[in-house]
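Below is one structure, written out as C-alpha cells, with a few remarks after it.
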Amino acid sequence: MTRIQSVSSKWTKTKILLKHGNIRRYVPETRLFTRHRLKEMLGKYSVVYVKPTHGTAGQGVMRVSRTVSGRRTVYRYQLGFREKSGRNTDELYRSISRLTGKRSYIVQKGIPLLRYKQRPFDIRVMVQRVGNDLWVPTGYIGRIAHPRKIVTNFHSGGRPMKLEKLLSPYVKGGEREALIDGLNALGVGIARQLQSRFHGLREIGVDIGLDEQLKPWILEVNTRPDFHIFNQLRDKSMYRRILRIARRHGRLKDRAARSRRGRRARIRRINRPA
C-alpha cells in the first residue's frame, strides 16, 4: 500500500496554487505574517485573517479588523471567544505576537462570506484520487460558523449543513446546480495542481468561501481532511462514497495504526518505574 502523502504548510500550498493561471484568481492575497505585512494588508483591506502556517481544525486562526469612527481608527482581533483592540498596527502586532510566539503564520485577505441566518458559512469540497491520475469530486457540504466564533470548522463549533439549503436564498434550481458543479471542478483543478508537485496525494478537502457576487475563494486546502463531517448529513450517500475510496487508500488502516501506537505509548507511561 502506497503511503498517503500530506502537506501541512498553508504557505507552501498557496505558492503552488498561485502558479496555476486559472486557479490564481480564486486565491485571496496571502503573505507571511510580519509586522510590515500586517500593516500593509490592513492598509488595503478592512479585514484580514492571521492563520498558523501549520494547523488544523481552525485552531489559532485570528480575525483582524480595521474600523474608522470619525477621526479614530480602531484595530481589533478575535481568537476563539476572546477579542482585543489596539490603537495602531504596532500595538496590535505586539499583542498578536505574544500569542504566535516564534511559530510561523500567514496573513490573508478577509472574504465577506455569504450568511445563513446572520451567520457566515463556507463550503467543504472533497476530492479523491481514483486509480493513478483520475481525481473525482466525491462530496460537498456547507459549514456555518459558531454564533460567537470566526471559524466554521466542525471541531471548533461549526455546524455542518446541506449546501443546497444554504445556497437557496441566493441562487435557485439549475443555477444552483451549475454553481455546485463549478465548485467541484475547481476542487479537481486544485488537486491536479498540487499533485504536480506532491505525487503521493490521494485526497484533498478544499474550503471555499463565496462572496456576495458568488465568486468562489479558496480559503484553505487540507491534504488529510476529516471526512466524518459528511456523516452529519441526513443523506449518507456522499459519506459512504468517500469512505469506500478512503478504505482503498488505506486511510482507515493508518487511523487504526495511530490509535494502536497511542495506546501502547500510554501503557508504557503507566508502567514506567517511578
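The values are calculated or read from the model by the stated rules, or taken from the named source; none is laboratory data. Bear in mind that the values here come from a model prediction, so they are computed numbers and not experimental data. Note: ideal-geometry Cβ built from the backbone for every residue, glycine included; neighbour counts use all protein chains shown.
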Check: Within the range 1-112, which helices (runs of 4 or more DSSP H) (wholly inside it) include 2 or more residues that are polar (S, T, N, Q)?
Finding: 10-18, 89-100
Note to self: Taking the condition of being over 17 Å from L17 (Cα atoms), among the aliphatic types (A, V, I, L, M) and not in a helix (DSSP H, G or I), how many residues in the range 195-254 meet it?
What the structure shows: 3
Check: Do the conditions hold for T67, that is, is it modelled with pLDDT of 95 or more and within 24 Å of N88 (Cα to Cα)?
Finding: no
Margin query: On the basis of being within 18 Å of the chain's Cα centre (by Cα) and either closer than 25 Å to L183 by Cβ or modelled with pLDDT of 95 or more (or both), does F198 make the cut?
Written below: no
Notebook entry, point to check: Which one of R82, R72, R76 is touching an Asp or Glu at 6+ places or on another chain (Cβ under 8 Å), of a type in the set (K, R), farther than 18 Å from L219 by Cβ and without any contact (Cβ under 8 Å) to a residue 40 or more places away in the chain?
Noted result: R76
Notebook entry, point to check: Identify, please: which residue in the range 171-214 is free of Cβ contacts under 8 Å to residues at least 24 places away in the same chain and not small (G, A, S) and is, among those, surrounded by the most Cβ atoms within 10 Å (Cβ to Cβ)?
Noted result: R176
Checklist line | Residue among R115, R124 that is out of contact with any His (no Cβ under 8 Å at 6 or more places or on another chain), in contact (Cβ under 8 Å) with a residue 40 or more places away in the chain and closer than 30 Å to H228 by Cβ | finding: R124
Next item on the list: Report yes if D254 is in contact with a Gly (Cβ under 9 Å, 6 or more places away or on another chain) and at pLDDT below 90, otherwise no.
Entry: no
Next item on the list: Within the range 193-214, identify whether any single residue is touching a helix residue (DSSP H, G or I) at 6+ places or on another chain (Cβ under 6 Å) and over 29 Å from S9 (Cβ atoms), and answer yes or no.
Entry: no
Margin query: Being β-branched (V, I, T), modelled with pLDDT of 95 or more and buried (at least 17 other Cβ atoms within 10 Å of the Cβ) is the filter here; which residues of the range 124-170 pass it?
Written below: V125, V127, T138, I141
